[in-house]
1. For segment B:120-150, which residues satisfy the criterion of being under 14 Å from the mean Cα position of the chain (by Cα), modelled with pLDDT under 90 and of a type in the set (Ser, Thr, Tyr)?
2. Please indicate, with yes or no, whether at least one residue in segment A:90-106 is within 12 Å of chain B (Cβ to nearest Cβ), over 20 Å from residue A:1127 (Cβ atoms) and touching a Cys at 6+ places or on another chain (Cβ under 8 Å).
3. Select from segment C:73-97 the residues that are more than 14 Å from chain A (Cβ to nearest Cβ) and not β-branched (Val, Ile, Thr) and list them in ascending order.
4. Pick out the one residue from A:240, A:181, A:213, A:223 that is touching a His at 6+ places or on another chain (Cβ under 6 Å) and farther than 28 Å from residue A:785 by Cα.
5. So which of A:987, A:961 is within 22 Å of residue A:868 (Cβ to Cβ) and at pLDDT 95 or above?
6. Can you tell me which of (1) open to solvent by 30 Å² or more (accessible area, probe 1.4 Å); (2) part of a helix (DSSP H, G or I) is the one residue A:1045 doesn't meet?
7. Among all residue pairs at least 6 apart or on different chains, which show Cβ distances below 8 Å where the first residue, located in segment A:107-119, is at positive phi and the second is surrounded by fewer than 24 Cβ atoms within 10 Å (Cβ to Cβ)?
Amino acid sequence: MNPTEMEAATVNGSKSRSGSSEPRIGVYICHCGANIAQMVDVPEVVEFAKTLPKVVVAREYKFMCSDPGQELIKQDVRELGLNRVVVASCSPLMHELTFRRALEEAGENPFYFQMANIREHVSWVSLDGGMATAKAKALVAAAVRRVALHEPLERKRVPVNPNVLVVGGGIAGIHAALTLADSGKRVYLVEREPSIGGHMAKFDKTFPTLDCAACILTPKMTAVRAHPNIELLTYSEVEAVEGFVGNFRVKVRKKARYVDEEKCTGCGECVQVCPVEHPSEFDEGLAKRKAIFRPFPQAVPNVFLISRLGTPPCQAACPIHQNAQGYITLVREGKFKEALEVILRDNPLPSVCGRVCTHPCTAACTRGKVDEPLHIPGLKRFVLDFVGDEYELPRPSPELEKDERIAIVGSGPAGLMCAYELRQRGYKPVIFEALPVAGGMLAVGIPSFRLPREVLKREIGKIEALGVELRLNTPIGREVTLEDLRKQYKAVFIAIGAHLERRLNIPGEDLPGVFGGVEFLRAVSLGGKVELGRRVLVIGGGNSAIDAARTALRLGAEEVRIVYRRTKAEMPASPEEVEEAEREGVKLEFLAAPKRFLGDGRVERVECLRMELGEPDESGRRRPIPIPGSEFVLPCDSVIVTIGQIPDLASLGEARLRGLGLETTSQGTLTVDPVTLQTNLPGVFAGGDCVTGPDVVVTAMAAGRKAAISIDRYLSGLDMYEGRELEGPFESKIKVDIEGVPRKPRVPLPSLEPARRRGFEEVHTGYTEELAKEEAARCLDCAICCDCRLCATVCEPKAIDYQMKDQELEVEVGSIILATGFKAFDPRKIPHLGYGRYPNVLTALEFERMVNSAGPTGGKVLLKDGREPKSVGIIHCVGSRDKRFHPYCSRVCCMYSLKFAHLVKERTNAEVYNFYIDLRAFGKGYEEFYSRVLGEGVHLIRGNVGEVSDVALTPEEEGKLILTVEDTLAGVVRRIPVDMVILATGLEPQPDAEEIRRLFNISCSREGWFLERHPKLAPVSTFTDGIFLAGACQGPKDIPDAISQAGAAAAEALALIDRGFVELEPNTAYIDEALCSGCKTCIALCPFSAISFDREKGVSVINEALCKGCGTCVAACPSGAAQQNLFTDQQIYTEIEGVLVDAQGAL
Amino acid sequence: MPKEPFEDRSSRSIPSGSAFEPKIVAFFCNWCTYTAADLAGTSRMHYAPNVRIIRVMCSGRIDPQFVLKAFHEGADGVLIGGCHPGDCHYQEGNYKALRRYKLLKRLLAQLGVEEGRLRLEWIAASEGDKVKRVIDEMTEEIRRLGPFRPSEAEPVEKQAVLAGQPREAR
Amino acid sequence: MESASGVKFEAELDREFAHWATTVPGGENIRECIQCGACSGACPMSGYMDYTPRRIIALVREGFKEEVLSSRTIWLCASCYACAVECPQGINITDFMYALKERAIKEGRYPKGFPTPIYAQEFAKLVRARGRSTESLLVIRANLRLNPLKLLKFAPLGLKLLLRGRMRPSPRPEQVRDRAGVRAMLAASGGPKARHEHER
């Protein structure tokens, strides 16, 4: 209901009886029994009041708020013609309403009334009677002066929306919701967890009746689900609350379950196949649940949900976003075929990547913070090796098939990936490859002992099998030119890589025996002969240099030495490649660079200069500076120069390129748009090494995919820039807590012994099945759900939706009940009790789960090693009654500790000891229960345990936890050995209580519980009208009290709703048009946007319906045009005068 | 010292040792500070009887003129109480009060009013003990400063310097 | 008047003592003790004491002056502060024990033949007189009061210490130059004279 459309209703009889004639004031001073009278001299104040201007009568009475007291006022109004009343008694927050009503019943306007607070603010806080009386007089004087200026006001009525919002689905929330729903009101029950039930759902039995908690709770939960008047919003949170009593607008966020609540039947098939386990929150970490789960079998609603935290670090860091967590988890479970499917979702060249990728995923792996990151490429390669040839790449769906043909120049990783991605989108790519083999650097750069040729051929073959045409021996730039391609194909992707040698340009470089790295490796790969000598020098420090060096060894060289101008730390080659090279016997010469090659007919030696490191250059590495006069000579008979590669743009026909206007950079690479990879020629895209310069395989593949997406959008006429931020590596938002993870280093990848590395067979032999599973088991499940999508394959109702998003709803209600419950105290804050250090020290909630028959031990009381305890100690007051943590008593712990004692006795033969300070058994049946437990032979020892320790002083204490305590009743200090310790942890407010209370505009008490309006008289309402409290969120309480409070809150909400309207305090602000200068100062100040500007009249206008009565605009108004009813400037000025009536030295 | 119940001490005065009893006017906002003062009363916390409380709905209602009026009528000190920032029942009223208070402080300093005579405190509804503490502290502070007699105040510049404001050119 | 049965009459208790306890350091919140016994449980010496720390506080509060000041408990306190750390009401029991010790010495009441108070007194005497303690002298003087025969037992140890240079061979006591200054400092900081004035 739009507040501006509200009707204002007048309350009858609120007009002034006497009209606006001369004020006739009656003053009444209350004794309040002895509360006021014992400190304030009431007769003296009465006499004083009689002297005040316009006072007709002044009286005193014992209890003004009582019937006779109020009758006193009414009588005087009738008989003495009073038209103003002052009552000096308690706080107006207490009885202002009472006296206003009395005045109204007497026929006067209720707002002709003012209270002076001489109890809470005077008699109760003073020690000096004289000063207290003086203060009381001043306050009475102020009230008398003020009330003379009061106006007859009318209360506004606002209708109340009959819907109710209940926040929190524990027993209190459930009971409140059912009560309200039964009365016919519509209830929105919002619960943060996936199921309602709260803490009570975790208990086994409840005290003192030992009723099974589930038995009494689940019928209520079911009733909630079935009730037509209750809309149950689980896994949801309140985001924003606007409005006021009777008219709240609440925004609720329904979090994505990734399971459709309507469709899920709760069959549980998905749980069987889910490979990820996670500690169960419901079982307090004592058991595990799967990533797809239901908090407990009787959950309401009885549907599953998936913990999907987002993109794990490995997947985020991978340029092609391989789901490493997914396939690693499946490997761990032995589901290798399923693992392959996960891999093939994003990568058509997995065997290649598993062998040669530089694995940025590993650098991001969270496990690296514990010990060593997972060997992710090794695991990927294992899957492919295991499956062998028996697989197919995913086929594009027939509906997507298109006729457009795309030309791709180059069959390296960029070109292959682009072709694959285009094919998946239905296009028909044609790859033009200049060399006789496909694969680019994969085929002619990386040696076959790192990447076997059969493996590469197989993977490329599978891409071709999808319908990608591959034309070998077809260079572009001669018979077929770039312009031809642009004419014949819808788009072109240039991925020619960087295959041109970078030269040293020093004397002797053309001597026979001096080879370029690219030329050398290509020749070896294509099977050509290379005249390599016995002593080989390799110039350079990148992966190509390492590859060349190791290849040289295999070709029979006796000594191979790498010469690099910086040190090992600056080598751009992968550290593991360098390591392998050293293992194979390659020598490394650092801080040296060749000056010239010398030899007669063939290179015989190289003159080198020593280098030293200077300031860093653009790459961030320290620049090598030649040391003059440091020449030295290295003998050799072959040199391989691998100092970098550049794209062979000339092969594309440089003149033609210039003619076409294709832009290039100063480094000789192609210029492209970084987001779309389009060159400056429309429809011509480029990616890979020909754009970036020499880079790694996976980056080229990412470029291939990016170009495919761009080409698809280009040909479909879609925006090419939108939504592309997550292409390429990014940082995962997931933070994993690694505390307590036991260290286990990486399983080394099996490889051939260096001695056995003769020919070009593959060096790394890869993981076996057991080793792979062992390594995969180290994964920390960062994102929990690993996106393997196995659950969807077994879900018959097709309820699983991975694309689900959070939903935002808005509900309109008239009242709100908060039942958000409590949190248990964390006993890690008390280290000497041993929680977290000793495995058999449990919290109360952990023990509840243990004894619950549906819990992790099936209801048996067991130690962590599976044995039954022979003795159990239960320590009361953990975190409660303690000034260091919570000074209050948590109310329920003594009783549940007795309950635990009883349950242990029932299920085991253990000796049970309860250690308490004072035993609180205050409720119905509680003392009897205490007696019963005593009768069962439980040791009730009055003493706060000083220490829990495993240090044994006698043989009987060995292997036990020893509690040192003074048995104060027996009068002796004791050491008591037990097997298990249960800590009766206290209750504390929810950790986000502060934020919640701000949302609803209520207050918290000092300990953090929601503040009730009055601890005795109004325990379920708050200072904010329309918002009520139920259950432990208001303070620790047991189940009967929580339910009582819930009923009470529901009743108060019903009272509000059934009345149908709310009367607003008429302390709204108004603007006197005549005085308003139109300065607009007030407009921006109003937090409720209640003030608008009337352009015609040139004045500000306040919308009374929106005004809440804060008065900020009034204080700011420079002309005094804005005033607040009940708090006008004049009224307050005169109150100030009154309050200082006895001040000397007034100016 | 334990108090016997029902003893009428209304006429008994305790000599305070000092003749000067400060008179302090307090403007307390209804939702937080006034409620906290009620709580102090309910909890029987005893504090100096020198403060007279005037209730407003929000500290944002407090016009600086109220403060001046109070001094004019003979107050030796003025105390403004509001909700903690972020907790205002009307969202932002206390921020407005803070702004006005800061400006008012500068003005008062230039008029020769000592620092400490005007005080602003954020007191939440549950902080009854803070009400006691602030009132006791302020009473002592004003007692130390003595009665409010601006005609005998220090020269303007010195006061301004004492209040931390830059010196005005003469 | 004492009862033959061990029942304690009100007249035997000392209200002033109970009130005094709330005025000394550590005793400010002694009334708030909930008698939980955490102090006794944490105290490493509680097993050796006649009254546990908790019980001492219970006795102090009610005015059982005799029992408290003649107990061994206050002298066995090792000043480890475990009790003060664990007390849920934040009572500084260790400091309170010191106050009880001071009072016990002042009134000349401590268990007969108990070494700790004797050592404390002799140490204080040496420091007050000369500004320093002399270990050999301390041991001798203390044991002369306690049990002279014990000195014979200490002789072999004393000899070893002498030979190893851990004890001064000269019987002359150690002292500081400004002895009067030390005495003045002690008096100003609340020595017996100053405290006496304060209590009046």
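1. none
2. yes
3. C:75, C:77, C:78, C:79, C:95, C:96, C:97
4. A:181
5. One residue alone meets the criteria, A:961.
6. (1)
7. So the pair list comes out as A:107/A:13; A:107/A:17; A:107/A:78.
To keep it simple, each residue is scored yes or no on (1) of a type outside the set (A, V, I, L, M); (2) away from chain B (no Cβ under 14 Å); (3) touching a Phe, Trp or Tyr at 6+ places or on another chain (Cβ under 7 Å).
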position: A:1103; (1), (2), (3): yes, yes, no
position: A:1106; (1), (2), (3): no, no, yes
position: A:1114; (1), (2), (3): no, no, no
position: A:1124; (1), (2), (3): yes, no, no
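The values are calculated or read from the model by the stated rules, or taken from the named source; none is laboratory data. This is a predicted model, so every value here is computed, not measured. Note: ideal-geometry Cβ built from the backbone for every residue, glycine included; neighbour counts use all protein chains shown. Ligands, DNA and RNA are stripped out before the accessible areas are found, and what is left, the full protein with its side chains, is counted by its heavy atoms. Shrake-Rupley method; radii C 1.70, N 1.55, O 1.52, S 1.80 Å.
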